1. Checking the a/c ratio against 1.5 first, then a/b against b/c, what shape does the Cα gyration tensor give for the stretch 1-62?
2. Rolling a 1.4 Å sphere over the protein heavy atoms, what is the accessible area per residue of the chain, to the nearest Å²?
3. Determine the relative contact order of the chain: mean sequence separation of Cα pairs under 8 Å and six or more apart, normalised by residue count, in whole percent.
4. In debye, nearest 20, what is the charge dipole magnitude of the chain about its Cα centre with +1 on Lys and Arg Cβ and -1 on Asp and Glu Cβ, if you could check?
5. FRET efficiency for residue 78 and residue 55, Cβ-Cβ distance as r, R0 = 22 Å, nearest 0.05?
6. So what is the 222 nm mean residue ellipticity for the chain from helices alone, if each DSSP H run of at least 4 adds -39500 (n - 2.57) and you divide by all residues, rounding to the nearest 500 deg cm²/dmol?
7. About the Cα centre, and with charges only on the beta carbon of Lys, Arg (+1) and Asp, Glu (-1), how big is the dipole of the stretch 2-90? Nearest 20 debye, please.
8. Sort the chain into rounded, prolate or oblate with this rule: let a ≥ b ≥ c be the square roots of the eigenvalues of the Cα gyration tensor; rounded if a/c is under 1.5, and if a/c is not under 1.5, prolate when a/b is larger than b/c, oblate otherwise.
Amino acid sequence: MKNLDHIIKAFEIVVKKVPDAKLEFWGEGTEKDKLQKIINNANLTNHIKLNGYTQEPSKIYQSALFSILASKTEGFSLSVLESMSNATAVVSYDIRYGPNELIDDGENGVLVQKNNIDKLAEAMISMFNHPNTTIKMGKAALKKVERKFNQEIYANSWEHVVRVAIENRQLKNKNRQLVKQE
């Protein structure tokens, strides 16, 4: 689902253009051995590291120039939101639900056609080669998160959802009473 192999294949292209580029994966999963084998076969062991679970994802995002999402599909992508909330731009496949609702292509991150490994690599190369622009994108990402997903907006959204649910329940009960009276 996460297409981590796409990221590795794209990174194989990246290191040909940006020889000192480094990539870190964070987290645990059943694909670790498979991914390590792909990394080994591509001779990328000096460029890609598989790290385990972290208790401090914010520190990881803040130390990165950008993050990458190559999933087949997502719900609302919390990893994109986390990255952006830590002023870290995102390179993401333009998939349904999530990334294109958060990322304004070229402003606070980069959207790439789904499953296009070459374009994914191009976006990463551009971000590595233009770090100041990438950092500006990260700052723009943080501003968008603060503007669109701050605590006040979150609270107001939940308040609205609860209010509408109560109103719908009251309307439904009122309609039931009218039906009983007839």
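The values are calculated or read from the model by the stated rules, or taken from the named source; none is laboratory data. Computed from a predicted structure; not experimentally measured. Virtual Cβ from ideal backbone geometry, glycine too; neighbours counted across all protein chains shown. Only protein heavy atoms, including side chains, enter the accessible area calculation; ligands, DNA and RNA are left aside. Shrake-Rupley method; radii C 1.70, N 1.55, O 1.52, S 1.80 Å.
1. Numbers: a/c = 1.99, a/b = 1.27, b/c = 1.56.
It comes out oblate by the Cα gyration axes.
2. Heavy-atom accessible area per residue stands at 65 Å².
3. On the way: 248 pairs, mean separation 37.4, N = 182.
Relative contact order of the chain: 21 percent.
4. Numbers: 26 positive and 22 negative charges, 88 e Å.
Using Cβ point charges on Lys, Arg, Asp and Glu, the chain gives about 420 debye.
5. On the way: r = 16 Å, r/R0 = 0.75.
FRET efficiency, residue 78 to residue 55: 0.85.
6. Working: 8 runs with 105 residues, N = 182.
The helix contribution divided over the chain gives -18500 deg cm²/dmol.
7. Once rounded to the nearest 20, the dipole reads 280 debye.
8. Values: a/c = 2.77, a/b = 2.15, b/c = 1.29.
Prolate is the answer for the chain, as a/c is 1.5 or above and a/b outweighs b/c.
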